[in-house]
Amino acid sequence: MARLRHRTPRAIACALVFAAMVAGCVSPPWVAGVRSLRDCDECPEMVVLPGGRFAMGSPEGEFARKPDESPRHLVDVPPFAIGRYPVTFAEWDACVRDGGCGGVRPDDGGWGHGRLPVVNVGWDDARAYVLWLGRKTGRRYRLPSEAEWEYAARAGTSTAFYTGSCINTDQANYDGFFGIDACFARTGVSRGRTTPVGSFAPNPFGLHDMAGNVWQWVEDRYADSYAEAPTDGSAAIRGEPGGRRVLRGGSWYGDPHWMRSAFREAYVADKRDSDIGFRVALTLEHRAPD
């Protein structure tokens, strides 16, 4: 505590806020009253999130914590909007019909289209979709930054999952044959495929499938720590020489710890798989839309 005397008042305040957030003592004022928008009939429904400060990464002692989830650090996220759901096959198909998305028709595994989340899309494919949305609407659609994604997933929580310290197969689509302990009991529920978006209850921000169903691409290049991570909510542009991109959220194929709000995965940008999808973000200009 002796060193605290030499810090500025702002540094002291930030340290106290960080400690409170880590302890789960700060109740974010923005959880209530979130708004939504949709720019066209074929466009994803977006949830408008006011900005806020949160502790990004996992605390020491969190179950299955990985080194690349540290150091835990405070991030100030400006207001933005993010998809209420992962992008669906129906929304992707609209892009292709309109001459966008490079004409790519992802394999649906025989599961169908409609409200199922689009899968078998790489990072480059996801970028093609948001570029099409931007051209169609004149708005600044993009992939969310990793910080924005975690901020949205946590929705004011500081626990391993937005459901608390544990999660179960009634709350998310993952492989319930992974039995770890009393918290993650073997449920015997493994759907073996994606489920329609919105099949499970949303997090406190009203966002669905922020845990499980499909992995979600974000904008950032992968780095093996947060040592040089941005603290303003922007995407990390520095990272591995190979340029792997970050995936978040876990999937129908995985075990519970992959769905922790802090968990990170990384693949090359052209990686496509039956459990990889994405959701979109929107930069708000001047003010949040009515």
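Read-outs throughout are calculated quantities, based only on the coordinates presented, and are distinct from any laboratory measurement. This is a predicted model, so every value here is computed, not measured. Counting neighbours? That spans all protein chains shown, and the Cβs are built from the backbone with ideal geometry, glycine included.
Put simply, the amide H of Ala269, placed in the peptide plane, has neighbours under 5 Å in Arg245, leaving out anything fewer than 5 places away on its chain. In region 36-283, a dipole from Cβ-located charges (positive for Lys and Arg, negative for Asp and Glu) runs towards its positive end, and of Ser165, Phe200, Ser190 it is Phe200 whose Cα lies farthest in that direction.
Projecting label points 7 angstrom from Cα along Cα→Cβ for Thr159 and Arg38 puts them 3.1 nm apart. Couplings 3J(HN,Hα) of region 120-133, computed from phi: 6, 10, x, 4, 5, 5, 4, 5, 4, 5, 5, 5, 4, 4 Hz, in residue order, whole Hz [Karplus 6.51 cos²θ - 1.76 cosθ + 1.60, θ = phi - 60°; x for Gly and Pro]. Neighbour counts of other Cβ atoms within 10 Å put Cys166, Cys43 in the fewest-to-most order Cys166, Cys43.
So what's the projected area for region 120-254, the Cα convex hull averaged over all directions, in nm²?
Mean orientational projected area (region 120-254, Cα hull): 9.7 nm².
In this simple spin-label model, placing a label point 7 Å from the Cα along the Cα-to-Cβ direction at both Arg238 and Arg140 gives a separation of 2.3 nm. Under the simplified labelling scheme, the Ser190-Glu45 pair shows an inter-label distance of 3.2 nm, with each label point 7 Å from Cα along Cα→Cβ.
Take every DSSP beta bridge whose two residues both sit in region 36-283, then give the antiparallel share in percent to the nearest 5.
Taking every DSSP beta bridge with both residues in region 36-283, the antiparallel ones total about 90 percent.
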